[in-house]
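The values are calculated or read from the model by the stated rules, or taken from the named source; none is laboratory data. Keep in mind it's a predicted model, so treat the numbers as computed, not measured. All Cβ positions, glycine included, derive from the backbone under ideal geometry; neighbour counts span all protein chains shown. With ligands, DNA and RNA removed, areas are computed over all heavy atoms of the protein, side chains included. Shrake-Rupley method; radii C 1.70, N 1.55, O 1.52, S 1.80 Å.
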Amino acid sequence: MTLRPFHLAFPVHDLAAARAFYGGTLGCPEGRSSDRWIDFDLFGHQIVAHLDPAARPVGLTNPVDGHDVPVPHFGVVLAMEDWQALSARLGEAGVTFGIAPHVRFKGQAGEQATMFFRDPSGNALEFKAFAQDSMIFATEHAVEA
């Protein structure tokens with residue numbers, strides 16, 4: 001099966017701030033838009049920022065590997081070199097990380113580079129990378145070949 005792009009629509013309280021963040025800071029090409037929504041190309045996936053002036057972030061977190069991971073969140077699994085470049089770009093842009101770029105589950109099945117941050121509307125994003133894509137769905141019982 002060929003992997004197809006996903007589509008995600010999410011609320012933002014300010015379209016101009018969303019445009020600056022997703023288009024400028026993250027470097028996502030902009031697609032169609034209106035005065036109520038904007039399509040972005042997020043590493044080949046279609047995300048749509050929909051205007052909701054009352055949108056506020058959810059404060060729920062779950063503990064994962066010693067960190068409080070925000071729920072809900074979304075993002076993309078990148079190639080390691082793309083993850084490193086995005087991490088550097090975000091750092092240079094002064095983005096505040098909720099969970100700073102690091103490697104979690106080190107030495108275990110599913111070891112991954114990860115980082116969490118929020119957009120201007122408070123939506124949580126996670127971008128991650130694996131040294132080997134075969135580890136994306138690894139379990140604690142998986143053994144690396």
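Figures for the structure shown
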read-out	value
GNM result for the chain, Cα springs below 10 Å: residue of Gln132, Gln84, Gln112 fluctuating most strongly	Gln132
Accessible surface of the chain, 1.4 Å probe, proportion on carbon and sulfur as whole %	55 percent
Mean accessible surface per residue for the chain, computed with a 1.4 Å probe while every protein chain stays in place, in Å²	57 Å²
Residue among Phe116, Phe127, Phe97 with the largest mean-square fluctuation in a Gaussian network model of the chain, springs linking Cα atoms under 10 Å	Phe97
Low-density loop positions, trypsin sites (Lys or Arg not before Pro), the range 55-145 - DSSP coil, at most 13 other Cβ in 10 Å	Lys106
Charge dipole magnitude, Cβ of K and R +1, D and E -1 - the range 50-107, Cα centre, debye nearest 20	100 debye
Cα shape, the range 14-87, gyration tensor, a/c 1.5 rule	oblate
Exposure ranking of Asp119, Asp52 by accessible area [1.4 Å probe, largest first]	Asp52, Asp119
